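Visitor: After the structure tokens below, expect a handful of questions from me.
The values are calculated or read from the model by the stated rules, or taken from the named source; none is laboratory data. Keep in mind that what you see is a predicted model, and the values were worked out from it rather than measured. With ideal geometry, Cβ positions are generated from the backbone for all residues, glycine too; neighbour counts draw on all protein chains shown.
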Amino acid sequence: MRFLTVVVLLTVLTLLPSAPSAAAQNADASAQENAAKAKAVLDQAIQALGGPAYLNVKNMEQSGRTYTLFHGQSEGAGVLFWRFVEAPDKERIELTKQRDIAYVYRGDEGYEITYKGTTEQEPKALAAYLRRRQHSLDWVLRHWINEPGTALLYEGATIAVDKPADRVSVINSKNDSVTLYIDSTTHLPIKTSFEWRDPADRLRNTEEEVFDAYRMTDGVMTPYSLTRFYNGEMTNQRFLNTVKYNQTLNEAMFDAKATYDPAHLPTKKK
């Protein structure tokens, strides 16, 4: 009888869930503390950007000059541009003084408009645009951090663009991540960085964007200087002249449909 009692007791103890070890409890507490620190840094950044005014931006207008660079050197005197953004995923960019070249993005669609007409944007260029948009500062702060399954990781103090900064990585439910560098003094974002693997050659690439020359505009702290890097090389610079938020935009500017196929242009008349 005593033997049977021991067997039953051992069986019950085996079925009971084991208590977490002290090391596991400490690790879990440390992870929670780290996530709380990361959230605090991001909350400070959002407040520095304008708080509710920043989060509730409905649309934006910009004008300025953009420069394309190759191996860090400008390829020309720059091009005038006008940019219109309607949250969450509509955008129109007009180029040149005559504004006769335009790119329209609506959801996952992209179009190029010239004197010839409108055509769907080349797939590689569209993929690059969508990748930048989905990893942009605004997209991360307005979308990623509110999505289920998103994790925040505080990676400590560092130096970014010669400024003391706090480094925070935001990891979404698809295990995709963006690292934000937040100025330790002003709490404004200094830089974003993300990596992606090219499906063609399977090599990893790093894209970064640097923000500078902040000004308060319509209640939103706005960087008037933006620089992009691709694998460590500067590829684009934009200097803004004017910025406006929450204006009345004509929805027609985001309407676009292909009117010609550049691969099948009509033959010239002799």
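Visitor: Identify the single condition in (1) touching a residue at least 24 places away in the same chain (Cβ under 8 Å); (2) under 29 Å from Val243 (Cα atoms); (3) not in a strand (DSSP E or B) that Thr185 does not satisfy, given that it satisfies every other one.
Guide: (1)
Visitor: I'm trying to understand the selection: among the residues of region 178-203, which are of a type outside the set (A, V, I, L, M, F, W, C) and either buried (at least 18 other Cβ atoms within 10 Å of the Cβ) or in contact with an Asp or Glu (Cβ under 7 Å, 6 or more places away or on another chain) (or both)?
Guide: Correct list: Thr179, Tyr181, Asp183, Ser184, His187, Pro189, Lys191, Thr192, Ser193.
To keep it simple, each residue is scored yes or no on (1) within 27 Å of the chain's Cα centre (by Cα); (2) over 23 Å from Arg132 (Cα atoms); (3) modelled with pLDDT of 95 or more; (4) surrounded by 16 or more Cβ atoms within 10 Å (Cβ to Cβ).
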position	(1), (2), (3), (4)
Leu15	no, yes, no, no
Ser18	no, yes, no, no
Ala35	yes, yes, yes, no
Leu42	yes, no, yes, yes
Tyr54	yes, no, yes, yes
Val85	yes, no, yes, yes
Arg92	yes, no, yes, yes
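Visitor: Just a yes or no: is a residue in region 101-111 in a loop (DSSP other than H, G, I, E, B), at pLDDT below 95, touching a helix residue (DSSP H, G or I) at 6+ places or on another chain (Cβ under 9 Å) and among the charged types (D, E, K, R)?
Guide: no
Visitor: Counting only residues that are in contact (Cβ under 8 Å) with a residue 40 or more places away in the chain and outside any strand (DSSP E or B), which one in region 140-175 is surrounded by the most Cβ atoms within 10 Å (Cβ to Cβ)?
Guide: Within region 140-175, the match that is surrounded by the most Cβ atoms within 10 Å (Cβ to Cβ) is Val140.
Visitor: If you don't mind, there's one more thing I want to ask. Read through the list (1) within 24 Å of Ala45 (Cβ to Cβ); (2) at pLDDT below 95, then give the number of the only condition that Tyr115 fails.
Guide: Tyr115 satisfies all of (1) within 24 Å of Ala45 (Cβ to Cβ); (2) at pLDDT below 95 except (1).
Visitor: Also, quick follow-up: So for region 197-204 (the condition being in contact (Cβ under 8 Å) with a residue 60 or more places away in the chain, touching a strand residue (DSSP E or B) at 6+ places or on another chain (Cβ under 9 Å), of a type outside the set (Ser, Thr, Tyr) and over 16 Å from Ile145 (Cα atoms)), does at least one residue qualify?
Guide: no
Visitor: Still on this model: Within region 82-100, which residues are of a type outside the set (Gly, Ala, Ser), assigned to a loop (DSSP other than H, G, I, E, B) and out of contact with any His (no Cβ under 9 Å at 6 or more places or on another chain)?
Guide: Asp89, Thr96, Lys97, Gln98, Arg99, Asp100
Visitor: List pairs: first in region 67-81 and at pLDDT 80 or above and part of a loop (DSSP other than H, G, I, E, B), second surrounded by 13 or more Cβ atoms within 10 Å (Cβ to Cβ) and among the charged types (D, E, K, R), Cβ under 6 Å, 6+ apart or cross-chain?
Guide: Gly78/Arg65
Visitor: Considering only region 195-212, state which residues are part of a loop (DSSP other than H, G, I, E, B) and acidic (Asp, Glu).
Guide: Scanning region 195-212 gives Asp198, Asp201.
Visitor: Going residue by residue through region 204-219, is there one that turns out to be within 28 Å of Val79 (Cα to Cα), in contact with a Phe, Trp or Tyr (Cβ under 8 Å, 6 or more places away or on another chain), surrounded by 20 or more Cβ atoms within 10 Å (Cβ to Cβ) and not charged (D, E, K, R)?
Guide: Yes, that holds for at least one residue.
Visitor: When the residues of region 94-114 are filtered to those that are out of contact with any Phe, Trp or Tyr (no Cβ under 9 Å at 6 or more places or on another chain) and more than 19 Å from Tyr129 (Cα to Cα), which remaining residue is surrounded by the fewest Cβ atoms within 10 Å (Cβ to Cβ)?
Guide: Lys97
Visitor: Which is more than 20 Å from Ala38 (Cα to Cα) and of a type in the set (A, V, I, L, M, F, W, C), of Leu141, Leu152, Leu180, Leu240?
Guide: Details: Leu141 fails: more than 20 Å from Ala38 (Cα to Cα); Leu152 fails: more than 20 Å from Ala38 (Cα to Cα); Leu180 fails: more than 20 Å from Ala38 (Cα to Cα).
Being more than 20 Å from Ala38 (Cα to Cα) and of a type in the set (A, V, I, L, M, F, W, C) holds for just one of Leu141, Leu152, Leu180, Leu240, which is Leu240.
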